[in-house]
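Please read the structure below before turning to the comments.
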């Protein structure tokens, strides 16, 4: 099966580099994007903790103004990681050979527009320190990655084993179109937040995060309106391509064999995030115990996250192409692409298949997932809270003229119960793909563990959701949290 061949190839490459990925990008998208998913989305949303005063140093991932409203004098997140994937095509299925059963990856059959979106991040040694009750800073290092794949409607069947099989199955499809965008970078976050205004019944804070970035990997593939005509002989059905084109590129640093050269060829960039946070206190709390970061009534946050883009120098084998040779049947396309043994051969083969082609030599940029976040948190008392969040992306990833990323978050409601050392969370998400996810998270001392969607626990789960893990250390004494460190000065 062609699908199995592709997956075997996927095991052998790092995303964006090897000939297997480039052949996947071209032949798979030109056919079916043949599986429309070989996603290695290895990324943002420690969703259960959004709005919480106990989220510590990771709070600035959602609002840069949150660090000054942390429940802790200091917090060191030793390690945190998060993976989120949304797709409508691949899913896990239980297979049985009569002796034993095992879970395997398969694809949904039929005609549909197929998509796969994923993001991943890792945070190392993220450190928060509150200088006093009015000022705080936060520093940390993060690795982040975003991948987006989408096709126009096309038909897929498990019996497809060649380009010709795919074109026969899609004989009534007007044209083939799709894209893949993938980016990964490392960033050092420098955050500062302070109280801007405070009285007996409210507090307004503001924060800013400067992101010093290094683009580690960037890649894209675009296939635009590839059309074709069916022809028949006495014994066979063949196709000729009549129009359309595409382009692909990946960052040149991915060709380097040493870590030093890889990093030296990675380009630098800057990003920026801004936020404000407004807390209200009721008269009872103000009279009895004074205001602190735990006895607020309402907490309202607005943030503008991830302004900026990462920049990449393309590999010499990056090209754009159009106008397929109408004299070549699909068998020629299949043979030339299959026989390419490296990226240079692949580029040379494509140049013989399309009349117009040119090398991509200019640096390309992939925008960060810029978005506006509105977060409202209500303190219900007795350690119960409910959080509502609306995340609005500035960019769509489907543009054929711009390379962009975006978050999957859209609307989330999270009831939670939490104390300094324990917590239980039930986030309910309606994401940008129209999917509803019911998640779950728990906190036990320094450890937070969560799932974006409990659907992965089904017998035959879809490849949707993901999870997050955080390990942090900070004061665990309630007396310390509610001490003079958090009282108005």
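FYI, it's all coordinate maths here, none of it is from the lab. Every value quoted in this text rests on a predicted model; they were computed, and no experiment measured them. When we count neighbours, we look across all protein chains shown, and the Cβ atoms used for this are built from the backbone with ideal geometry, even at glycine.
Debye sum, Cα scatterers, the stretch 398-472, no solvent: what log₁₀ I/I(0) at q = 0.22, 0.25, 0.27 1/Å? Relative scattering, expressed as log10 I(q)/I(0), comes to -1.01, -1.14, -1.22. The stretch 146-304 gives an Rg/Rh value of 1.29, both radii derived from C-alpha positions and Rh following Kirkwood.
In terms of other Cβ atoms within 10 Å, 385, 91 run from fewest to most in the order 91, 385.
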